[in-house]
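Below: the structure, in structure tokens.
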Amino acid sequence: MVSDRIAQVERILDGVMDPELPFLTITELGMIQGCDLDEDGTVVIRLTPTYSGCPATDAIQDDIKSALQPVEPRFRIDIVHAPAWTTDWISAEAREKMRLNGIAPPEGTSADKAFLLGKSHTVPCPRCASEDTRLVSPFGSTACKAHYQCNACAEPFDHFKCF
Amino acid sequence: MADQEHEWILRLGDDALVLAQRLSEWCSHGPALEEDIALSNIALDLLGQARALLTLAGQREGLGRDEDALAYFRTDREFRNALLVELPNGDFGDTIVRQMLFDQFAVLRYEALASQTVDLELAAIAAKALKEVRYHAAHSAQWVVRLGDGTEESHRRVQESLNMLWPYTAELFEDDAVSKACNEAGVLPLNASFTARWTEQVRAILEEATLTCPESTALLTGGRSGRHTEHLSYMLAEMQVLQRTYPGAEW
């Protein structure tokens, strides 16, 4: 019974899309840190924000509520800060979906810190795959992206920062 | 202990909130589209940090005040931010020099919190914020170098920005009864413990930017005890007017 309820919630969460990346689920982005039951039998969903100030976090909570309410009214969303979210939690499939949608996925792992030292990774163009690309601005359309341009095909594109 | 910790977290939260509010004044006024977006993104990160920190400060205070009560229903004398972050934006050079001076400090403070504090919730907020402020620090340092080692005019103007802002930096490293009590309780090292590394890093950036580090010994201080410049009062009037006119308003 208990595991049935959790499994059902997890299935529904797997269908909640990120509002800024509507081709990816919040699970694929690593934002769901787990679900379990508290002592009152309430399902507790542990949600971690990507960036502290990401405005999508509020929208995502609303989306979770409207998806769950019809089937599982006894739930609560806890925002957890530790461990801090990292792009390392984004699956290989999700990275491929980003590329197909014109966004260059995070390269490597956050541990090498190259992005912090101004030595940016090679970020291949999601359109023509050329590695001859340049950073236009370290900040892009949302907190999680930087703005790049391809020198080979001239395509401007977003790069999901390695974080 | 609890009283002092709440007071100390307020300082941290107010630094982030007030600087976020200042930077968001650049939105749609940036010198270039990319910088408009960058400053707005940095403001957003700081606002997110402020929300988490003020929420925690309210919890540690234990009087039922949430992030909104603390942001919208305190007067200027109740704010605990350093004077540096409340100063008007000036031109882009003033803003980016202030950002560099603050970012270098914020990185050191969050590093210490993430690894050393006994308050695990504060450590979690700090570990997340640290990744964000490191990114900001790389950006602001890069701009200071670009403007300082740029044209004759950009060099002259950011040197003036630096001379104007420098006297406000000493306040960041001041300690008082609150910071000493928090240090003894294992919440955070003394602010003075960040001075040497901050000075070393800022001097390295200024050297690369061909800028002269001011020798000013003037000490402009008071923010941590609520004695602010008049600039904060005007900023808060604008920030708070809607909630004070229509308390609890949502949209």
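Quick note: the coordinates plus some simple rules give every number you see, no bench work behind them. Predicted model only: the values in this text are computed from it and were never measured. Don't worry about glycine lacking a Cβ; one is built from the backbone with ideal geometry, like all the others, and counts go over all protein chains shown.
Overview of values
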read-out	value
Centroid-to-centroid separation of region B:70-145 and region B:9-37 [C-alpha atoms, Å]	11 Å
Pairs of lysine residues in the protein assembly as shown - Cα separation under 28 Å, sequence separation of 8 or more or cross-chain	24
Signed unit charges on C-beta, dipole axis of chain A, positive-most listed residue A:Leu47, A:Phe157, A:Ala7	A:Phe157
Computed FRET value (nearest 0.05) for A:Leu135 with B:Met164, which takes r as the C-beta separation and R₀ as 35 Å	0.70
Charge dipole (debye, nearest 20) of the protein assembly as shown; +1 at Cβ of Lys and Arg, -1 at Cβ of Asp and Glu	280 debye
Between region B:147-195 and region A:31-88, the alpha-carbon center distance in angstrom	38 Å
Bins of 5 Å, starting at 0 and running to the largest distance - Cα pair percent for region B:106-191	3, 14, 15, 17, 16, 13, 10, 7, 4, 1
Diffusion coefficient, µm² s⁻¹, Stokes-Einstein with Kirkwood Rh over alpha-carbon pairs of the protein assembly as shown at 25 °C and 0.890 mPa s	108 µm²/s
As computed over chain B, the Cα convex hull volume per residue (Å³)	121 Å³
Trypsin sites (Lys or Arg not before Pro) within region A:71-108, DSSP loop, no more than 13 other Cβ atoms inside 10 Å	A:Arg74
Fraction of alpha-carbon pairs over 18 Å apart in region A:57-163 - percent	57 percent
log10 of Debye I(q)/I(0), alpha-carbon scatterers only, for region B:117-245 at 0.10, 0.19, 0.23 Å⁻¹	-0.48, -1.28, -1.29
Gain upon complete extension [B:Ser24, B:Glu207; 0.36 nm per residue less C-alpha separation]	62.9 nm
Cα-centre dipole for region A:13-91 with unit charges at Cβ (Lys and Arg positive, Asp and Glu negative), debye to 20	60 debye
Label-point gap, in nm, between A:Thr122 and B:Thr221 - each point 7 angstrom along Cα→Cβ	5.3 nm
For region A:1-108, projected area of the alpha-carbon convex hull averaged over all directions, nm²	7.2 nm²
